[in-house]
1. When you look at residue 54, is it outside any loop (DSSP other than H, G, I, E, B) and either buried (at least 16 other Cβ atoms within 10 Å of the Cβ) or free of Cβ contacts under 8 Å to residues at least 60 places away in the same chain (or both), yes or no?
2. I'm checking my understanding of the structure. Among residues of the stretch 57-79 that are surrounded by 17 or more Cβ atoms within 10 Å (Cβ to Cβ) and assigned to a loop (DSSP other than H, G, I, E, B), which one is nearest to the chain's Cα centre (by Cα)?
3. Going through the stretch 85-111 one residue at a time, which ones are under 28 Å from residue 17 (Cβ atoms), touching a strand residue (DSSP E or B) at 6+ places or on another chain (Cβ under 7 Å) and either modelled with pLDDT under 85 or in a loop (DSSP other than H, G, I, E, B) (or both)?
4. Taking the conditions exactly as written (modelled with pLDDT under 90, out of contact with any strand residue (DSSP E or B) (no Cβ under 9 Å at 6 or more places or on another chain) and part of a loop (DSSP other than H, G, I, E, B)), does residue 82 satisfy them or not?
């Protein structure tokens, strides 16, 4: 399979980021990062489906292991919307949040609510050193609003 110069450049950038995070560069790690860049907010199952054409015979367990390593290295972010399997994305380090449609499952990124990470100051930290906060806004996307009213949500 011939890659375009843009694809080669992206692959080189991904390899550099893996190396800079202290991980060994492997074809499966690059493939998982490419899949997540093309499909943000993906479950491990969806990532597995996306990398199988490139990595014949790849198991779900192998993808889970790669996602865990990439998350631990700070290259991937995991978040857990209610009622959904864990989802993964490459947008890391900016404390953004998510809008989740409770009807169709659409997910959109949203920058921190009021300026620079106000969520990192809880009313009572109980001695914890807080590094990150996750906020998920649940509601109905524009398309689902056209078909539903809050009174009729299951």
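The values are calculated or read from the model by the stated rules, or taken from the named source; none is laboratory data. From a predicted model like this one, the values you see are computed outputs, not experimental measurements. Cβ atoms come from the backbone with ideal geometry, glycine included; neighbour counts cover every protein chain shown.
1. Working: outside any loop (DSSP other than H, G, I, E, B): no; either buried (at least 16 other Cβ atoms within 10 Å of the Cβ) or free of Cβ contacts under 8 Å to residues at least 60 places away in the same chain (or both): yes.
Here the answer is no, as residue 54 does not meet what is asked.
2. In this case the residue turns out to be 76.
3. 85, 86, 91, 92, 96
4. Working: modelled with pLDDT under 90: yes; out of contact with any strand residue (DSSP E or B) (no Cβ under 9 Å at 6 or more places or on another chain): no; part of a loop (DSSP other than H, G, I, E, B): yes.
Answer is no for this residue.
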